[in-house]
Structures are given as C-alpha cells and as structure tokens.
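What follows is a short report on a single structure.
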Amino acid sequence: MAPANAEDEIWKKVSAPKATGYVLLLRHAIAPGVGDPSNLKIGDCSTQRNLSQEGRAQAEAIGAWLKSKKIRIARVESSRWCRAIDTARLMGIGKVRENPNLDSLFQDDDPSADPRTAATKELIAKHRNKRGLLVLVFHQVNITALTGIAPASGEGVLVRAKRSGELKVMGLSPTP
C-alpha cells in the first residue's frame, strides 16, 4: 500500500469540497469471535457477535478521525448485523441507513458471485459523480469479495468506481 504521506494526500483529496465518487468500505469495529451463532436473528443482538468495549471505543475513534479530516459525509449505510450498525452509529457521522446488501456473506460459498456483491458494486458506481464520502459499514468477507483486501476490524478500504464500474482501491483508513 502507499506510504503514510501518500495516504495523507489521498485523504486530503477526499476532503476537498468538490471531491466526488469516494466510498469508504469499513469493516465493523472489534467484535470477538468468528462468524455468527447458528441461531442468528437479524434485529436480535443477543443472537449475534457484538462489539466489545474495545470495539465500541474503536468505533468512536474512527468517527473522531473522520471528523478531524473535515470530510463531508454523503451517507452512512450499514449491514443489518448489530456489530455493523453499532459501529456506524457510534462513529457519530450521520444517520445510519440499514442495507441488506451489506449483510455478512460469511456462509456464502462464493461471496464475489453473490447478487448482494453485485448490488454493492452498483451502489458504489452510482456514487461515482456524487460529492461527499459514502461510508459503508459491513464485514471483512464482503470487502474482500469487492477488493481482494482483508481489512482488520475497524479498518476501511477507500475506493472509487471507474467508468467501467470496476473498483479502484485508493487507500486505507487507519485502524484506531
């Protein structure tokens, strides 16, 4: 990935008033464990892996970092999993819209071929000429299906869509 000073330059471009098309694919903050229990029910956090206290603090730190960059947030969308919704809300950067296309693909045999991955690519492509940062908070497997990168908890992959709809990785956000 790019050196730290190159990363700083990328984030300066994102914060420019006329910047368009930037999308942050953010993995939810720290939620101990792997996958989800077999009894997972959307909307019932007691059936899911949830953010730890460290994860809650991490989510707040991610929001503080974005605010410190003075980046205009266009919209925040989240998976319906509690750890993603909680991350998005705790960042405090805008109203959070739940998007089923961002739900975890962990049990999927081929996440890159899943229709939800295609729908997420289309969402990113539609943001191509729009101002402000689109923030999508979801899961490592989904982000890897889109970019080939496996971000750590709380780490984001900054992308832009090319005219072809293909995603170009611009950089990473720091992990608090």
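The values are calculated or read from the model by the stated rules, or taken from the named source; none is laboratory data. This is a predicted model, so every value here is computed, not measured. A quick note on method: Cβ atoms are made from the backbone with ideal geometry, for glycine too, and the neighbour counts reach across all protein chains shown. Each accessible area value is taken on the protein alone, full model and side chains, heavy atoms only, with ligands, DNA and RNA left out. Shrake-Rupley method; radii C 1.70, N 1.55, O 1.52, S 1.80 Å.
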**Message:** Please list, in order along region 154-169, the HN-Hα scalar couplings obtained from phi with the Karplus expression 6.51 cos²θ - 1.76 cosθ + 1.60 (θ = phi - 60°), rounded to whole Hz, x for Gly and Pro.
**Reply:** x, 9, x, 10, 8, 10, 9, 8, 7, 3, 6, x, 5, 8, 10, 6
**Item:** Value of relative contact order over the chain, rounded to a whole percent, pairs C-alpha under 8 Å and six or more apart
**Value:** 31
**Request:** With a 1.4 Å probe and every protein chain left in place, work out the accessible area per residue of region 58-176 in Å², rounded to a whole number.
**Result:** 46
**Message:** Quick check: from the Cα gyration tensor, does region 16-132 come out rounded (a/c under 1.5), prolate or oblate?
**Reply:** oblate
**Request:** Would you rank Leu172, Leu133 by solvent-accessible area, highest first, keeping every protein chain in place and using a 1.4 Å probe?
**Result:** Leu172, Leu133
**Prompt:** Across region 139-146, in residue order, what do the Karplus-derived ³J(HN,Hα) couplings come to in whole Hz, using 6.51 cos²θ - 1.76 cosθ + 1.60 with θ = phi - 60° and x for Gly and Pro?
**Reply:** 10, 3, 4, 5, 5, 5, 4, 7
**Item:** Computed FRET value (nearest 0.05) for Leu40 with Lys67, which takes r as the C-beta separation and R₀ as 35 Å
**Value:** 0.60
**Prompt:** With every protein chain kept in the model, how would you rank Trp65, Trp81 by accessible area, 1.4 Å probe, largest at the top?
**Reply:** Trp65, Trp81
**Fill in**
When the charge dipole of region 42-139 is computed with +1 on Lys and Arg Cβ and -1 on Asp and Glu Cβ about the Cα centre, the Cα farthest towards its positive end, among Phe106, Ser78, Gln48, belongs to Ser78
**Request:** Report the accessible area of Cys82, computed with a 1.4 Å probe over the heavy atoms of all protein chains in place, in Å² rounded to the nearest 10.
**Result:** 10
